[in-house]
Amino acid sequence: MTETVEERLARALRVVWQRLPASTQALLDGWGYRLEPTLPPLVEGRVTWAKCRGSEGTLLFSRDQISAIPDWALQTLAAHELAHLALLRQGRDGWRDEDRTDALTASWGFEMGRLRDIVEGRES
Ligand SMILES: [Zn+2]
């Protein structure tokens with residue numbers, strides 16, 4: 001049986017969660033996520049794959065975008081969004097800083113480089 005997008009996303013989030021330090025899991029307490037049909041662009045002219053709504057502690061994922069990406073990319077995307085939320089919860093001003101977010105994502109074992117190639121259209 002083929003996994004649904006919902007199931008794949010839930011599985012990716014479980015994989016990521018298991019790699020987070022306990023202190024980070026505690027910091028992220030109460031977070032949630034939603035799968036949206038699509039997301040409005042955060043940057044003009046650029047498709048938005050996912051976003052972190054920090055005030056609610058909610059991660060939003062675009063079904064249109066994540067349906068076609070492999071598991072490793074989905075895990076990396078999920079880790080990246082959790083990293084945004086973790087930085088915000090740590091009180092970091094730069095929680096929207098992509099470099100800092102990528103560095104935290106990498107510290108959990110998820111490399112953003114290849115995902116950025118896909119997101120930015122250098123690889124399909
Ligand atoms: Zn980001």
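The values are calculated or read from the model by the stated rules, or taken from the named source; none is laboratory data. Note that this is a predicted model, so its numbers are computed, not measured. So basically every Cβ, Gly included, is an ideal-geometry build from the backbone, and we count neighbours across all protein chains shown.
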Six or more apart or on different chains, Cβ atoms under 7 Å: show the pairs whose first residue is in the range 29-40 and modelled with pLDDT of 95 or more and whose second is assigned to a loop (DSSP other than H, G, I, E, B). Gly30/Gly57; Trp31/Gly57; Gly32/Gly57
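Can you find, within the range 51-72, the residue that is surrounded by the most Cβ atoms within 10 Å (Cβ to Cβ) among those that are of a type in the set (Gly, Ala, Ser) and at pLDDT 95 or above? Before the answer, list the steps.
As a first pass, look at the range 51-72 and keep what is of a type in the set (Gly, Ala, Ser): 54-55, 57, 62, 67-68.
So of that shortlist, the ones also at pLDDT 95 or above come out as 57, 62.
Values: Gly57: 16, Ser62: 19.
Going through the qualifying residues, I end up with Ser62.
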For the range 22-34, name all the residues that are surrounded by fewer than 16 Cβ atoms within 10 Å (Cβ to Cβ) and either farther than 20 Å from Gly94 by Cβ or within 12 Å of the chain's Cα centre (by Cα) (or both). Ala22, Gln25, Ala26, Asp29, Gly30, Gly32, Arg34
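I'd like the full set of residues that are within 10 Å of the ligand (Cβ to nearest atom) and free of Cβ contacts under 8 Å to residues at least 24 places away in the same chain, limited to the range 88-98. First the steps, then the outcome.
The first filter runs over the range 88-98 and keeps only residues within 10 Å of the ligand (Cβ to nearest atom), leaving 95-98.
Passing the criteria: Arg96, Asp97, Glu98.
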Do we find that Thr24 is without any contact (Cβ under 8 Å) to a residue 60 or more places away in the chain and either touching a helix residue (DSSP H, G or I) at 6+ places or on another chain (Cβ under 7 Å) or within 16 Å of the ligand (Cβ to nearest atom) (or both) in this structure? no
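For the range 35-66, give me each residue that is away from the ligand (no atom under 15 Å from the Cβ) and either of a type in the set (A, V, I, L, M, F, W, C) or over 14 Å from the mean Cα position of the chain (by Cα) (or both). Working first, answer last.
If we filter the range 35-66 for residues that are away from the ligand (no atom under 15 Å from the Cβ), which is where we start, we get 35-38, 40, 44-45, 55-57, 63-64.
Correct list: Leu35, Pro37, Thr38, Pro40, Glu44, Gly45, Ser55, Glu56, Asp64.
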